[in-house]
Amino acid sequence: MAMGTVHPSIAVLERHLTLYRRLWRASVFSSFVLPVLFVISMGMGVGGYIGSVQGVDYLSWIVPGVVASTAFQMAVGESTYSVLGDFKWVRAYHAMRATPVRPDDIVTGHLLYLLFRVTTAVLAFLLVVLFFDALHSPWAVTIPLVCALLTVATAAPVMAFAASIEHDSHFALLFRFVMIPAALFSGVFFPIEQLPALVRPVAYVSPLWHSVELCRSATLGIAPPWPIAAHVGCLLLWALAGTAMAAYRFRRRLED
Amino acid sequence: MSWHVAEQPLIFARDLVKRFGDFTAVKGIDVEVAPGEAFGFLGPNGAGKSSTMRMISCVSAPTSGELRILGMDPVRDGTRIRARLGVCPQLDNLDPDLSVRENLTTYARYFGLSRAEGRRRADELLEFVQLSDRAGSMVEPLSGGMKRRLTIARAMINEPDIVLLDEPTTGLDPQARHLLWERLFRLKQRGTTLVLTTHYMDEAEQLCDRLVVMDGGKIVAEGSPRSLIETYSTAEVVELRFPDGLDSNADYAAKLDGIGERVDPLPDRVLLYADDGDAAVAAVHGRGLVPSSVLVRRATLEDVFLHLTGRTLVD
């Protein structure tokens, strides 16, 4: 579609970046400083009592989990209130809808913005933990890719959810019954083998668990519990189905 | 496909229908808007004006009937049509966390304009809507009139063939309304095609070359403001108030019967439709009636509107 010099989804990304330019200072703490403090307190503090897990020191074991869960939280956090707000309060999506920007472009632009946010946070985090000697394999360079995939796998279905609710109180349900269990039972802090067999499937369906395992195998240079293709496949499934769902929901909501 | 490009209407609708479930918002309307025209949809709330506008702006698909915008089909060519429309919605949807200028430059990118071109047009349009001195300020502290002017500037960023304005001055104070009308009039003079909805009669009279009155999803009248007044009203209207009015206005109306063309008793006054107001007043006095106040005025679109769409309040 020869519309001009810029693809509509890039134009949407630019709007997010223009907004972010005013807010980035506030986000530095939650996206860079907090995860680092977390690693220090959990890895060194708690790790001092635990010693080693699965043959490595606890700090090295927890770093890949924390990096994935940072990406996960960022993807969720930036796809809830801001998405509902652009439908209901700011109505920015309606403004876009009146232009050549299509609902699919709005979804793509938002995901591109999240990829930017998550990737910068992940790179900064990796740089810091490099100095803690927590990266044990050159495969660690694949972590930004895994986290990018996790971002889409998480943000897309959450965007679809945000686009289908009328009131922000529904987000409490999402946080309570989906996000917190996922964060707790996805092998971030302890191996999921510790979980009762009944609860373990929570991890198997969670995109977070698959990316935690992929990140961990990358920093430690070990094989993940499932074949790599299976972990990546689950993440891809979430990403593709989630994006399709989000695009459908956005189309429906902007149509009426 | 029409080959008479010069005569091709920019907007063409035949038997256009929009249904939401069981509710039919637009019940088969015919509309044609020519290039350079200022066209108005006039009607009370719930008349189907906004639903019609949403179909014209290609965000809502017609349920049935034919609709062509710029010679294209809004369902198939929606993206291409939207690239050539400027939309000023009823609910403001400016980005409150962006500056006035950024609101325009960001929007320019949605149309695929280069950054430099977006900046150039933004500055030009801020000048046009008299907001240049606020270019760097945030949107939130702006007054309602300023926001609406910014929204109109934003709708112009792609140099559209048609500008769609949904209730452009609702909620604005008189000064802001007049400034806005003046700007829209300039647009019209430049040859921009304007399509607007309004429930303000003075707005329709000020801005529209031609308009349709909608009621209950249908078009009940069509023409220029003047021709509508000539067709549906008398040249003048006499407003009579009686000292013991209120409950007895219906009785007075009976006593006034035969003077002028039509008598309309309202709770607070009686309207007398006549081509010669002064003669009608003389006739009233001739019948021995003594109103406490008499006002002879020219008929307005409001008289037409109330005559056609009734006085029942629609919420």
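Some values worked out for this structure:
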read-out	value
Cα-based equivalent ellipsoid of the protein assembly as shown: semi-axis lengths in Å, sorted from largest, via gyration tensor	63, 24, 21
Percentage relative contact order, segment A:8-255, counting C-alpha pairs under 8 Å, at least six apart	28
Shape of segment A:8-255, Cα gyration tensor, a/c cut at 1.5	prolate
Helix B:115-128 vs. chain B, principal-axis angle (Cα, 0 to 90°, nearest 10)	20
Residues whose placed amide H lies under 5 Å from that of B:V26, excluding near-sequence neighbours	B:K18
Per DSSP, loop chymotrypsin sites (Phe, Trp or Tyr not before Pro) in segment A:51-121 with at most 16 further Cβ within 10 Å	A:W89
Charged-residue dipole, Cβ positions (Lys, Arg, Asp, Glu), chain A about Cα centre, Debye nearest 20	580
Descending semi-axes in whole angstrom, ellipsoid equivalent of segment B:165-204, from the Cα gyration tensor	17, 12, 7
The protein assembly as shown, dipole about Cα centre (Lys/Arg Cβ +1, Asp/Glu Cβ -1), debye to the nearest 20	1860
From the C-alpha gyration tensor of segment A:170-222, square roots of 5λ in Å	22, 13, 8
Cα radius of gyration and Dmax for segment B:5-224 (Å)	17.0, 50
Dmax and Rg, reported as Rg then Dmax, of segment B:52-117 (C-alpha, Å)	14.2, 42
19 Å reach of a label modelled at A:Q194, 7 Å along Cα-to-Cβ, counting backbone N of segment A:25-59	A:38-59
Peptide A:93-106 - average C-beta neighbours from other chains (10 Å radius)	6
Partner chain coverage, peptide B:50-62 - average Cβ within 10 angstrom	1
Positive-end residue, chain A charge dipole about Cα centroid, Cβ charges, pick of A:W238, A:P138, A:Y93	A:Y93
In Hz, Karplus ³J(HN,Hα) per residue of segment B:188-193 (6.51, -1.76, 1.60; θ = phi - 60°; x = Gly, Pro)	4, 5, 6, x, 6, 7
Kirkwood Rh (inverse of mean 1/r, distinct Cα pairs), segment B:234-298, angstrom	11.2
Structure-based [θ]222 nm, chain B - -39500 (n - 2.57) summed over DSSP H runs of at least 4, per residue, nearest 500	-10000 deg cm²/dmol
Among B:G118, B:V33, A:V122 - extreme Cα towards positive end, dipole of the protein assembly as shown, charges at beta-carbon	A:V122
Length-normalised contact order for chain B - Cα pairs under 8 Å, 6+ apart - percent	20
Computed log₁₀ I(q)/I(0) - Debye formula, equal Cα scatterers, no solvent, segment B:196-315, q 0.18, 0.22 Å⁻¹	-0.94, -1.20
26 Å Cα-Cα threshold exceeded, pairs from A:K88/B:K218; A:K88/B:K18; B:K27/B:K188; A:K88/B:K147; B:K49/B:K188; B:K147/B:K188	A:K88/B:K218; B:K27/B:K188
Loop chymotrypsin sites (Phe, Trp or Tyr not before Pro), segment B:22-57 (other Cβ atoms within 10 Å of the site Cβ: 12 or fewer; DSSP)	none
Contact order normalised by residue count of segment B:114-231, Cα under 8 Å, 6+ apart, percent	19
Loop-resident sites, segment A:181-240, for chymotrypsin sites (Phe, Trp or Tyr not before Pro), counting at most 11 other Cβ within 10 Å (DSSP)	none
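No lab work stands behind these numbers, since they all come straight from the coordinates. Just so it is clear, the model here is predicted, and its values are computed rather than measured. Don't worry about glycine lacking a Cβ; one is built from the backbone with ideal geometry, like all the others, and counts go over all protein chains shown.
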